[in-house]
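Q: Input: one structure, supplied below.
None of the figures in this text is laboratory data; all of them are computed from the coordinates on show. Given the structure is predicted, the values throughout are model-derived calculations rather than measurements.
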Ligand code: FNR
């Protein structure tokens with residue numbers, strides 16, 4: 001299965017990057033990954049879209065179109081999703097007749113040093129994804145709170161047993177979620 005990944009944090013020592021690495025590590029062996037570098041996507045502009053869709057946006061849409069599923073791993077900023085994620089989704093969903101997102105299975109994940117582990121960002125993301133007719137996995141939710149206590153800053157991935165257990169359950173559930181919609 002072709003899984004496209006989006007990471008909402010651009011910083012090198014990102015906890016969400018460590019979470020993404022851990023999801024990859026525990027994923028089913030039949031999954032292959034394709035990460036889209038969203039930081040090079042310009043801000044959405046309907047005039048630009050009308051005159052010349054940037055190559056990076058064309059590539060984003062093509063990769064999403066061919067994907068069996070998408071996983072969005074994102075921090076929460078000011079109780080919402082980061083602008084880079086919203087921007088990528090706005091480009092991908094436009095125009096609606098050329099959007100790769102309707103009926104696309106999508107799973108959300110996020111990590112935060114705060115207790116709620118990005119619940120508000122995920123709620124907002126869910127609202128946006130429902131508006132663009134994606135099939136967002138309802139559960140299990142992967143909200144990793146107090147992440148700084150679960151991973152060492154120099155580690156590339158999370159090894160804490162409880163979080164790994166949740167990640168294994170999450171990837172299994174997403175595998176089933178994708179299969180449900182591909183039948
Ligand atoms: C944050 N952070 C944060 N955390 C949270 O749980 N809820 C929030 O609303 C916010 N708001 C927020 C705004 C801004 C501008 C920043 C820079 C940070 C803290 C955030 O979770 C923390 O910095 C994470 O470490 C960011 O994720 P990465 O980069 O480690 O993946």
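Q: Write down the percent of antiparallel bridges among all DSSP beta bridges whose residues are both part of the range 2-182, to the nearest 5.
A: Roughly 5 percent of the DSSP beta bridges within the range 2-182 come out antiparallel.
Q: Let me ask something additional. What is the log10 of I(q)/I(0) for the range 109-183, computed with the Debye formula using one identical point scatterer on each Cα and no solvent, at q = 0.21, 0.22, 0.25, 0.28 Å⁻¹?
A: -1.00, -1.05, -1.18, -1.27
Q: Tell me what the chain gives for mean residue ellipticity at 222 nm when only DSSP H runs of n ≥ 4 count, each as -39,500 (n - 2.57), the sum divided by the residue total, rounded to 500 deg cm²/dmol.
A: Rounded to the nearest 500, the figure is -12500 deg cm²/dmol.
Q: Using a Gaussian network model on the chain with a 10 Å cutoff between Cα atoms, which of 112, 99, 51 fluctuates the most?
A: Top of the fluctuation ranking is 51.
Q: On full extension of the chain, what length is gained from residue 49 through residue 79, given 0.36 nm per residue of separation minus the C-alpha to C-alpha distance?
A: Computed gain between residue 49 and residue 79 is 7.9 nm.
Q: Let me ask something additional. Could you tell me the relative contact order of the chain? Use alpha-carbon pairs under 8 Å, at least six residues apart, and round to a whole percent.
A: 26 percent
Q: Using alpha-carbon positions, what is the distance between the centroids of the range 1-73 and the range 114-183, in Å?
A: 15 Å
Q: Please report the Cα spread of the range 26-183 along all three principal axes, rounded to whole Å, starting with the longest.
A: Per principal axis, max minus min of the Cα coordinates gives 50, 38, 27 Å.
Q: Among 66, 26, 52, which one shows the highest mean-square fluctuation when the chain is modelled as a Gaussian network with alpha-carbon springs under 10 Å?
A: Answer for the Gaussian network model of the chain: 52.
Q: Across all directions of projection, what mean area in square nanometres is found for the Cα convex hull of the range 91-141?
A: Its average projected convex-hull area is 3.8 nm².
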